[in-house]
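Shown next, in structure tokens, is the structure this report addresses.
Just so it is clear, none of the values below were taken in a lab; they were calculated from the coordinates. Here the structure is a predicted model, which is why all the values come from computation and not from measurement. FYI the Cβ positions are ideal-geometry reconstructions off the backbone, even for glycines, and counts take in every protein chain you see.
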Amino acid sequence: MLGPAILAASRSDKMRRIVSAAPVTKPVVNRFIPGETVDQVIPIVEDLTRKGLEVTLDVVGEDITTVEQSYAARDAYLELIARLAGLGLGEKAEMSVKLSMFGQALEGGHELALANVRPVVEAAAAIGTTVTLDAEDHTTLDSMFAIHEELRRDFPQTGCVIQAYLFRTEADARRLAAAGSRVRIVKGAYKEPAEVAYLDKAEIDKAYVRILKILMEGEGYPMIGSHDPRLIAISQELARTAGRKLDEYEFQMLYGIRSEEHLRLAAEGHRMRVYTAYGTDWYGYFMRRLAEKPANLLFFVRSMITKN
Ligand SMILES: Cc1cc2nc3c(=O)[nH]c(=O)nc-3n(C[C@H](O)[C@H](O)[C@H](O)COP(=O)(O)OP(=O)(O)OC[C@H]3O[C@@H](n4cnc5c(N)ncnc54)[C@H](O)[C@@H]3O)c2cc1C
């Protein structure tokens, strides 16, 4: 019951001001978003890759309102890619982008987001890495998939995300499970209506397995975005049944969540990628992490009470 309420709060400007200004917020935020600047996140990338993990980097900041902010988002990714290139980290670190941050919700947003994301994809390819387009709320997905298709004409390695909670996703998975495609499957983190999405956890898990099966039996490269031990075990089983080798799919988890499991899977020889978000506009990302596990919210509230 708490999850939907927290997701609703993630869209509230008033809550944003209260949470962002609370003196105890920062240490709790740092668990999930380990830096605000490129300088702060690079040592994290170095540390993770030294441990045998791979990384996907997300510059947070989805709630933009001006075209200038969309250019700033593009430039932030270009700066990041330039820094990764200088350190030779290109092959171990890819980028995750939210098209809303590139202007998708503004007037003429589809073309603007495409124009902003293209140079980022180009720069990533030049240093031997890739970009994955994150999935946001369901109203944005037709535009995201069209941009994905357009980018793949020149950069076929560009990835995208599909969300198991949406009714549409099995059909999307069938279309995307083609040779050369890279698809991250996740449960889904946004507040969606019952007309378009399963709301029941067990139904979402069942859909996840059906979609995973489509991806594993297809010709693309599945990226399993989940911390759920049952789904991870099922993924391994489906990969075996489909005759996939260890480098023909990968696991992905979020920074700060089940970190010991990142290392365990990597030690077993799996490709394990840690989704690492950084930046100053962390509110939306942080609130989704609270919504996923209400115990996080209790920890957050308790720390506010005990510090005050
Ligand atoms: C790499 C990656 C990329 C993602 N990209 C997207 C995206 O583009 N679009 C989108 O809608 N969603 C995205 N998500 C979020 C996803 O949709 C889920 O909301 C999130 O992964 C939680 O689902 P779960 O599969 O881990 O299973 P759950 O059943 O939610 O969690 C399983 C277990 O993992 C642990 N856990 C999960 N979440 C948390 C948390 N926040 N804090 C502490 N412990 C936790 C708990 O132990 C929990 O019992 C992404 C997730 C990952 C891992």
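So here's what we get for this one:
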{"quantity": "Proxy reagent accessibility, fewest Cβ within 10 Å first, across E203, E136, E292", "calculated": "E203, E292, E136"}
{"quantity": "Furthest towards positive pole of dipole, G256, V131, A177, structure part the chain, Cβ charges", "calculated": "G256"}
{"quantity": "Selection from T56, M287, Q69 lying farthest towards where the dipole of the chain points positive, charges on Cβ", "calculated": "M287"}
{"quantity": "The chain - charge dipole about Cα centre, Lys and Arg +1 at Cβ, Asp and Glu -1, debye rounded to 20", "calculated": "1000 debye"}
{"quantity": "The chain: C-alpha pair distances exceeding 26 Å, %", "calculated": "44 percent"}
{"quantity": "Equivalent ellipsoid semi-axes - Cα gyration tensor, region 182-229, angstrom", "calculated": "21, 11, 11"}
{"quantity": "Which of I127, I224, I64 has the fewest Cβ neighbours within 10 Å, and the rest in rising order", "calculated": "I127, I64, I224"}
{"quantity": "R0 of 51 Å, Cβ-Cβ distance L199-L246: FRET efficiency to nearest 0.05", "calculated": "0.90"}
{"quantity": "Charge dipole magnitude, Cβ of K and R +1, D and E -1 - region 29-159, Cα centre, debye nearest 20", "calculated": "460 debye"}
{"quantity": "Paired Rg and Dmax values of region 141-252, which use every Cα atom, in angstrom", "calculated": "13.5, 39"}
{"quantity": "Sequence-distant lysines (8 or more away, or on other chains) whose Cα lies within less than 23 Å of K213", "calculated": "K187, K201, K245"}
{"quantity": "Rounded to 5, percent antiparallel among DSSP beta bridges of the chain", "calculated": "5 percent"}
{"quantity": "Label-point gap, in nm, between A22 and E150 - each point 7 angstrom along Cα→Cβ", "calculated": "4.0 nm"}
{"quantity": "Gyration tensor verdict on region 244-304 (Cα atoms; rounded if a/c is under 1.5, prolate if a/b is larger than b/c, oblate otherwise)", "calculated": "prolate"}
{"quantity": "Shape metrics for region 88-216, restricted to C-alpha atoms - Rg then Dmax, Å", "calculated": "14.9, 46"}
{"quantity": "Anisotropy class of region 9-91 from Cα gyration tensor, a/c 1.5 cut", "calculated": "oblate"}
{"quantity": "Relative contact order, percent, the chain [alpha-carbon distance under 8 Å, six or more residues apart]", "calculated": "25 percent"}
{"quantity": "Gyration tensor (alpha-carbon) shape descriptor, region 197-283, a/c threshold 1.5", "calculated": "oblate"}
{"quantity": "Cα centre as origin, Lys/Arg/Asp/Glu Cβ charges: region 198-286 dipole, Debye", "calculated": "140 debye"}
{"quantity": "E219-F299 pseudo-label distance in nm [points 7 Å out on the Cα-to-Cβ vector]", "calculated": "4.4 nm"}
{"quantity": "Qualifying aspartates and glutamates (Cα of each under 18 Å from Cα of K51; at least 8 residues distant if same chain)", "calculated": "E91, E94, D247, E250, E260, E261, E268"}
